[in-house]
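Asks: Take a look at this one; I'll ask things after.
The values are calculated or read from the model by the stated rules, or taken from the named source; none is laboratory data. As the structure is a computational prediction, the values presented were derived from the model and not from experiment. Note that each Cβ is placed from the backbone with ideal geometry, even for glycine, and that neighbours are counted across all protein chains shown. Remember, those area values only see protein heavy atoms, side chains included, never the ligands or the DNA or RNA. Shrake-Rupley method; radii C 1.70, N 1.55, O 1.52, S 1.80 Å.
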Amino acid sequence: MALSNFTSADDIRACLGVSPKELDNSVLLLDMYETGLSEELLEMGDTLEADYLAIAALPQGDLTAAQQRFVNLTKLFSALSVSKTLAGSLSMFSPKKITDGKAAVERFVDAYAGMKEALAINYSTIRTKLIAAYVATGGAVAVSGTARNYTVVSAGADPVTGT
């Protein structure tokens, strides 16, 4: 899996509101972000990643409306997913002030709290829409959780009172 098949470095930086100076492409190309996104997609559907790659490889004019929506939402979700992962360390790589004199850098305490909250909401919303778009293309979503059977057994007598 190549992250560039799913999103761009510029899209990720746009989600975070940072520049290439603050978040370099070499950081975004780290395997951990590809692996994290791959795992996110796998959670939604065993073949979602492969189905996306197959549909995205089709000529633009050959895509149905449902397929185009699936491709668009997968790209958006991918940018949000990686951004959400990076948001935890945003204050470390997004300086408040950079000066040339003795390479001083000032960092925000946590001025990005609102952005992190909005990112989490957008991530959740787009994830739900992506699953629906995937189903609309004929994809099979992963079943979350396991079915549980419960059995109720009567003791015949109250264990506290003995009656």
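Asks: Among the residues of region 32-63, count how many are in contact (Cβ under 8 Å) with a residue 60 or more places away in the chain and surrounded by fewer than 17 Cβ atoms within 10 Å (Cβ to Cβ).
Replies: Selection size over region 32-63: 4.
Asks: For region 1-29, name all the residues that are farther than 17 Å from K75 by Cβ, at pLDDT 90 or above and open to solvent by less than 40 Å² (accessible area, probe 1.4 Å).
Replies: Matches in region 1-29: none.
Asks: Filter region 1-31 for residues that are touching a residue at least 40 places away in the same chain (Cβ under 8 Å), part of a helix (DSSP H, G or I) and not polar (S, T, N, Q) and give the result.
Replies: L3, D11, I12, A14, C15, L16, V27, L28
Asks: I would also like to ask the following. Restricting to region 1-28, what's the tally of residues that are more than 16 Å from the chain's Cα centre (by Cα) and under 16 Å from V71 (Cα atoms)?
Replies: 0
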